[in-house]
Every structure is written in structure tokens, then in C-alpha cells.
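Since the structure comes first, as C-alpha cells, the remarks are kept for the end.
The values are calculated or read from the model by the stated rules, or taken from the named source; none is laboratory data. Keep in mind the model is a prediction, meaning the values are calculated, not measured. Using ideal geometry, Cβ is built from the backbone for each residue, glycine included, and neighbour counts are taken over all protein chains shown.
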Amino acid sequence: MKKFTVVTSFPVSNWEVYGRKFLESYIEHWPKQVKLLVYCDGYPLPDDVPKASNVRYIDLLTNDDLLEFKERNKQFNGKANPNGMYNFYEDAIKFSHKVYAQNMAMQLLLKRKQKKKLVNSGWLLWLDADSITYEDVSMDLLESAFPDKYDITFLGRKNAYATCSSLIGYNLDSEVTPIFMDDFINYYNSDEVLRLKCFADNFVFDRLRILHEVHGMMALDMTPDCENLDAFDMSPLGHHIVHLKGNKKYGVGQYIGKNIDGTRYFDLCRIVQHYKRKNLLEIGTWNGETACAMIQAAFNESDVVHYTGVDLFEDATDDTDKREFNIKKHYTMTSVNLRLQALAEEYKNQNKELTFYLMKGDSKERLKVLNDKAKCNVHNIHPDFVFIDGGHSKETVLSDYEFCKDLPVVVMDDYYTEDEKGKLPERKFHGVNHIFSELLGGTKRVGNQRRLIVGSNDRVAGGGIVNLAVVVNDDDLPNPPDFNRIPIQVAPRDCVPPDNIQDNVTENMKLFDGKIVERCHWHDGSAIIVSAGPSLEDTFDKIRELQDAGGKVICVKHSHNILIENGIIPWGCVILDPRPFDGVSTHGIVRKDLLKNPHPDIRYFIASMTNVEVTRHLHKKKAQIVGWHAFTGALLEIPELENQELITGGTCSAMRSIGIMHTIGFRKFHIFAMDCAMKGEPKDKDEADLYGKKKWIKTGVLNKKTNEEKIFWTTGELLALAQDFERLLEKENTDMDLYVYGGGMVPTIFEASNYEYLPQFEDKY
């Protein structure tokens, strides 16, 4: 039988926050033969620290190398930026404890191996201490998860900045592993880590892993299909352990997190809060993430909330998955119960009460409880809201709806509409479409029943868009929120074939001469982002004022010449367009004319996907060129860019300008002329664009503070830009201070929003 040792570390000050839960659950659910080494940051330990034969507590601060690292680098505590606000990525002190603990554990075990001349030392597993084990971990599970042919294991994440380092496996019988660890710890002993653009341990881990893999190290990615931040949940131990990543361990605010931010689930929470619902029913609880999000939304309007969840949980089988067209893995009722218990404890500390009841089984049977008043009274099942997101077969969806159709507010997931290519999921998935469109008759109002489709940008693998269908039955309730104030969803997509983009990247990289945007530390400088909307001519004086005060003006190509003609020389100009340089832009201007005379004092930030003729033109004109990589599907297929900074932001250069300036350290943004609309009405409302399609779109923006709606005429491209900006405002942890100028659609959206500056504390790793 293989040997396993687990190592973790935590500051004693966080004993009650998560340390106690970690230790108690480990002792209860892990095999007794798996020893746990706990490196404690600080002493003495609490008097009630659990004792067990397989748990050893070690004072981390006896490590002289760690103490010396902390002393000489104490300023690198995440607050070294000028504004003094905490930056997770710059906290070298925080992450050093984790790395030194791993090294201490490995050296301890390797010395023991040498001293006792052991043939097999097995595996050393790092496990973050903000984890709770809720189901027994077997030796069989560990042996299958950590094959001996590999040197290390890790949790990969396709679209994240770095891997998840909450669970790492080190094969102690490998000749390579000690060498890897020596390099790892030397990044800290030599202070080399401080020369990197990010001080997080997983960033360093990835750098070394990739280097060692080139030289033959065998590394196993335990989560190769993970495309978000939740790699731990997809790991072999994900069914047994809950990882309270980042601020989840401190408070309830992070339970919503990035999984729902900007998705239809965000709108779901808005509906719960809008109608002040406090007795929630969810059919299809899954992992409890959406439950926690809805509960938090309910607590924004009430001090007492009850939640009822129905799911097959671990009783699901291959047959039920096939019948209900399910492709997700299943979570145990115990794991969801634990998550809800933790949430209840957090709200209890705020003098708020959360109660909940979970029902395991087929909803067609379990929902019969709604017809039994006695049982409902026992479990406090008196729902005033239901979210139907269980089985996808027409039979199951219809059954779920029939049980709940008279509740005041009914929300159904999985209402499908066509994507931009006209694609839809297979008909067999259209259970909600059948109910809403065929049974109810769509959005027609009947008596006191109001119906609404809440559109989204959530895409379905294989084609189609998935949306929410809302039914309001109570005539005393207000109308649903106006989620569709921008009625047309414009999905961002590459405007030229991927091959063209990839060819542009190859050629542009030769012309950038190594000058590529890299992530920089935070600072207190101001970025002035200037688009080319109609309000630009009214804001020149304000732009000059901010520029004279030290702000850096960043323009798009359409405002480039206008600013220069009015005596404003931008600090930078952002260029993104992969379309032909001599073609006509959507504004009816030849693109080449916009950059005909580059200014020697302007830095031209050229995306690697940009048409290479643009770069060649600017290179010939001896302009200052700085390259950057735009996050897009086509770039993800280029292996050479795997570890490059891919800058997000949206569909156009104006929003990407924010992403670029954010990457190089700006956090204060003044945004001009991002109007996304024309002044007044177009002369020809039926005018066609360059592609023969209707050019003008009429849309409205509702200011919920004043209940006033402003009407704008815009284009599909500009509407996409406005929607990108709106999604930026909706993010929970936006770390930017924004000022918006002008009178168009984006300024109106900003004025109507509840945006406020929020420092970013969330653990992204």
C-alpha cells in the first residue's frame, strides 16, 4: 500500500475562521495512516486544538530562511502600491508561508527516508487549510488519484491566470521532485520571486513546472477540462472536500462569486431581490452555488430566509443522466448541506436567520410534499418563489411546472434562443420552450399572469443561447425588472477567420521587437480613455485639464486625428482591428486614413491580432510601437502565447483600452465620448450598413433611480460596446474608480447604475 503524507499551514490568528474546521474534519474523515503535518504561523496554539495520533503541529516560524525573507521583504505585503490598498497579487509575505511549509515538510520526509533507508516514501500532498472534508477519503481514492509514474500533480485551469495550488501532489520517490522543490524555495531565498509580475505561489509554481516539463519531469493535470476557477471541485477529491476559496472563508459576500457574475444567474438574483422573496424553492440544487447566491439576494430585503432544495444528488445514475440529458457531475447532499450550514453560520453572526431543507430524490415524487400541508408546516415549505432547473426532459419540466405553477413567482432555466449563426440545441432539450411558448403562449399577458424572457449571453456548447423564462402570478406584485432595456444581444466574435488572426499574430510578433505589454504594480495615475462619440467636441477642455494634471490620454483610432487637430497629443493609441487596413470602417472612414500621419510622441498599442499592414505602416513611419495580446478564441489556439498576458475588456478597442491601462497599473479612469449612440434620430432609419443589413437600432435605457427612460439610436457594434460597459459595472469586485463624461448611452447607463469603487480582495487562485 502506498504511503501518503498531507501538509498544510495556517496562521494561528485564523484558527476560528477556518483552522478548527479543517482539523476536525480531517481527523474525522481521513485514513488514520495518512499523517498530517500542520505548520503553524504563530504560537501558542489554542488550548482546545484537536489531538490525534496522525496529526503533528510544527511551528513554522522556527524556519530561519522564512524569517529572513519576511524581514528583508516586509514591504511586499500587498500594500506597496501608492494608494496603499491591498493587492492580492503583490503579497509575497502571504504566499511565502505556503512555499516554506511545503519545503520543510519535504525535507523532513526525505531526511527520514535517508536515515531509515526507506525504499518507499510515497506522496506528499499539499492541501489548503481553508478546506473542509465532509466525506470519508479512502486509500483506494488516493492511490488512484496519484499514480506513481508521475513526479508531481496539479489542478489545471484552461482560462485562468494560473493553476489552482490548493492541492498539489509531490512524489517523494521521484528523483526529479526534490530538484523541483529546491528551485521552488530558491525563488524565495534569492528574492527572485520579487522580480516577477505576480508574487502568488501558483504563478511561480507554473513557471517552474513548465520549465521542468521541458526537461522531462512528468506532471499530471488532474483537472484538464476545467475552464473556470473551480478546479478543486473537479478534482478527484472534489466530492469529498469543500474548498472555501479566497474570501468565502470570511464572509457571505463571496458566495455569489465569479460563477454567476454577469450571467443569467445574476439576473436570477436580481429577480429574487426585486420581488423581496424570502421562502425559496429550487428544483435542481446541484452544488448549492446558485442556492447561496439566491439566499444572499433574499437577505438584502429580509432578515429571515428559508430555502428548500430538491435534487437527486448522489442517487443520480447513468440512466437518469441519459433520461434527463444531464452532463454535469453530481454532488452529495452532505456537501451541499455543509455549504448551507456555513452560510447559515455567517448570517447568524449578522443577526439574520437562514433555515433550509434538502430533499433527495426525483422531483416528480418529492414535490408532492407541496400538496401535504402538515409536512410543509414541519419543514417550513411555503415557497413564494421557485427556480426550476432540474431534469431537462419535457416530461420532468412539465411535472415540475405543474406542481409550482400557482406560486407567486416562477423562474425556469434553459429557455433556448438562436445564436448569431441561427443554431439551437436539439429539440429534446426544449422542455421549458414547450411550456413557455406552446403551453402558456409566450409573453402574452393572461389575467394577472405576466410573462417575460430574460435574455442573456450564456452560450450552449454546440450552438444556441440559454435564457430565463419568468412567470409572475400575483397581481399585487410589481412588473418584472426591465432586464431587456437593451433588447438586442450582440455576441462578441472574431470578425475575420481564425487563420487570418493567427497569421497576423505570427507576423506582428516579428515587428514588435520584444516590446509587449506586461502586468505592472498598481499606482495612483489617471487614465483618460477617449472614444470618438458625438460628445467629444464638447469635452476637449476637460480632457486638456486632466491631461495637464498628469493624466495619460489613450485614444482609439477614430479619435486619433480629432484630438491632434485640437491640440491634444495622446499618450497612447489602441489598435485592435484585424480587418484590411485599406478597407472602410463601420463609421464609413478608410482605416488607413485614420493613421496616415502617426505622431512621434504617441505610443501605438497594437494588438497582435491587428492586420499586419497596420503595423508595417507604423513601423515604416518610425512610430513608437508597443504590442499586446487581446483575449480571443483564435489566440487561445496559439501555443506560443500560452503564458502571455491576454488582455480582456470587450468587443472593441475602447473597452480593451481600459484592460490595457488596468494591466499596466492604472486604477482611476476618466472615460470620454463613449456615447455608443448618435445625436438625435438618423435621417434614414432603414439605412443599410456595409453588409446590407439594417444599420440603425432603436433602444432605451431605464434609469431606475428616476424611473425615466432615454431613447437612443445606435448600431450593432456600438450596442455591443455599451453592453460590455454595462457588464463591467455589474461586477461585484471591480477595483476601478470610474468617471464617465458625455450625454450618450454609456454615460446614461453609468448614471443609472449603482456603481461604486470596491477594492478587489477576492482570491482568484
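Can Glu68 be described as more than 35 Å from the chain's Cα centre (by Cα), assigned to a helix (DSSP H, G or I) and without any contact (Cβ under 8 Å) to a residue 60 or more places away in the chain? Steps first, please.
Values: more than 35 Å from the chain's Cα centre (by Cα): yes; assigned to a helix (DSSP H, G or I): yes; without any contact (Cβ under 8 Å) to a residue 60 or more places away in the chain: yes.
Judged against the criteria, Glu68 is a match.
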Checklist line | Filter pass, Gln273 being polar (S, T, N, Q), assigned by TED's automatic domain parsing to the domain that holds Cys404 and surrounded by 21 or more Cβ atoms within 10 Å (Cβ to Cβ) | finding: no
Next item on the list: Provide a single number: the residues in the stretch 298-352 that are within 25 Å of the chain's Cα centre (by Cα) and of a type in the set (D, E, K, R).
Entry: 4
Next item on the list: Could you identify the single residue in Ala298, Ala342 that is touching a residue at least 60 places away in the same chain (Cβ under 8 Å) and of a type in the set (A, V, I, L, M)?
Entry: Ala342
Notebook entry, point to check: Here are some residues: Lys375, Lys352. Which one is basic (Lys, Arg) and closer than 19 Å to Gln296 by Cα?
Noted result: Lys352
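How many residues are part of a helix (DSSP H, G or I), of a type outside the set (Lys, Arg), farther than 16 Å from Leu211 by Cα and under 30 Å from the mean Cα position of the chain (by Cα) if we restrict to the stretch 178-198?
Step one: of the stretch 178-198, the residues part of a helix (DSSP H, G or I) are 178-189, 192-195.
Narrowing the set further to residues that are of a type outside the set (Lys, Arg) leaves 178-189, 192-194.
Within this subset, residues satisfying the condition of being farther than 16 Å from Leu211 by Cα are 188-189, 194.
Next, from what is left, pick out any that are under 30 Å from the mean Cα position of the chain (by Cα): 188, 194.
So the count comes out to 2.
A quick yes/no check of all residues on (1) assigned by TED's automatic domain parsing to the domain that holds Met655; (2) touching a Phe, Trp or Tyr at 6+ places or on another chain (Cβ under 6 Å); (3) closer than 20 Å to Met661 by Cβ:
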{"position": "Asp538", "(1), (2), (3)": "yes, no, no"}
{"position": "Lys542", "(1), (2), (3)": "yes, no, yes"}
{"position": "Val574", "(1), (2), (3)": "yes, yes, yes"}
{"position": "Phe605", "(1), (2), (3)": "yes, yes, yes"}
{"position": "Glu613", "(1), (2), (3)": "yes, yes, no"}
Next item on the list: Being of a type in the set (A, V, I, L, M), part of a helix (DSSP H, G or I) and modelled with pLDDT of 70 or more is the filter here, so list the residues in the stretch 208-265 that pass it.
Entry: Leu208, Ile210, Leu211, Val214, Ala231, Met234
Check: Inside the stretch 367-407, can you point out the residues that are more than 24 Å from Leu477 (Cβ to Cβ), under 34 Å from the mean Cα position of the chain (by Cα) and of a type in the set (Lys, Arg)?
Finding: Lys394
Next item on the list: Could you tell me whether Asp582 is in a loop (DSSP other than H, G, I, E, B), buried (at least 20 other Cβ atoms within 10 Å of the Cβ) and modelled with pLDDT under 95?
Entry: no
Next item on the list: Hey, can you tell me all the residues within the stretch 158-177 that are in a helix (DSSP H, G or I) and touching a Phe, Trp or Tyr at 6+ places or on another chain (Cβ under 9 Å)?
Entry: Thr177
Margin query: Just the residues that are under 14 Å from Gly284 (Cβ atoms) and part of a strand (DSSP E or B), please, taken from the stretch 385-409.
Written below: Val386, Phe387, Ile388
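Is it fair to say Ala677 is more than 21 Å from Gly525 (Cα to Cα), at pLDDT below 90 and either part of a helix (DSSP H, G or I) or polar (S, T, N, Q) (or both)? If you could, list the steps in order and put the result at the bottom.
Values: more than 21 Å from Gly525 (Cα to Cα): yes; at pLDDT below 90: yes; either part of a helix (DSSP H, G or I) or polar (S, T, N, Q) (or both): no.
In short, no.
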Margin query: Every residue in the stretch 190-207 that is surrounded by 17 or more Cβ atoms within 10 Å (Cβ to Cβ) and touching an Asp or Glu at 6+ places or on another chain (Cβ under 7 Å), please.
Written below: Phe199
Margin query: Go through the stretch 500-540 and report how many residues are over 25 Å from Ile568 (Cα atoms) and part of a helix (DSSP H, G or I).
Written below: 12
Check: Just to be sure, is Leu424 among the hydrophobic types (A, V, I, L, M, F, W, C) and assigned to a loop (DSSP other than H, G, I, E, B)?
Finding: yes
Margin query: Being closer than 26 Å to Leu141 by Cβ, surrounded by fewer than 18 Cβ atoms within 10 Å (Cβ to Cβ), in contact (Cβ under 8 Å) with a residue 40 or more places away in the chain and within 36 Å of the chain's Cα centre (by Cα) is the filter here; which residues of the stretch 28-65 pass it?
Written below: Glu28, His29, Pro31
Note to self: Six or more apart or on different chains, Cβ atoms under 9 Å: show the pairs whose first residue is in the stretch 553-564 and in the same structural domain as Met655 (by TED's automatic domain parsing) and closer than 12 Å to Thr539 by Cβ and whose second is small (Gly, Ala, Ser) and surrounded by fewer than 24 Cβ atoms within 10 Å (Cβ to Cβ).
What the structure shows: Val553/Gly572; Ser559/Ala532; Ile562/Ala532
Check: Looking at the stretch 31-65, which of the residues that are part of a strand (DSSP E or B) and aromatic (Phe, Trp, Tyr) is farthest from Ala129 (Cα to Cα)?
Finding: Tyr57
Checklist line | Breaking point among (1) part of a helix (DSSP H, G or I); (2) under 20 Å from Val626 (Cβ atoms); (3) modelled with pLDDT under 90, for Ser559 | finding: (3)
Check: Residues in the stretch 14-39 that are in contact with a Pro (Cβ under 8 Å, 6 or more places away or on another chain) and either closer than 18 Å to Met104 by Cα or among the aromatic types (Phe, Trp, Tyr) (or both): how many?
Finding: 1
Check: Mind checking which residues of the stretch 321-339 are assigned to a helix (DSSP H, G or I) and either in contact (Cβ under 8 Å) with a residue 12 or more places away in the chain or not assigned by TED's automatic domain parsing to the domain that holds Lys278 (or both)?
Finding: Arg323, Glu324, Met333, Thr334, Ser335, Val336, Asn337, Leu338, Arg339
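Here are some residues: Glu16, Glu28. Which one is assigned to a helix (DSSP H, G or I), out of contact with any strand residue (DSSP E or B) (no Cβ under 8 Å at 6 or more places or on another chain) and at pLDDT below 95? Working first, answer last.
Values: Glu28 fails: out of contact with any strand residue (DSSP E or B) (no Cβ under 8 Å at 6 or more places or on another chain).
Answer to the check: Glu16.
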Check: Mind checking whether some residue in the stretch 69-84 is out of contact with any His (no Cβ under 6 Å at 6 or more places or on another chain) and among the acidic types (Asp, Glu)?
Finding: yes
Check: Can you name every residue in the stretch 656-688 that is of a type in the set (Asp, Glu) and crowded, with 20+ Cβ neighbours inside 10 Å?
Finding: Asp675
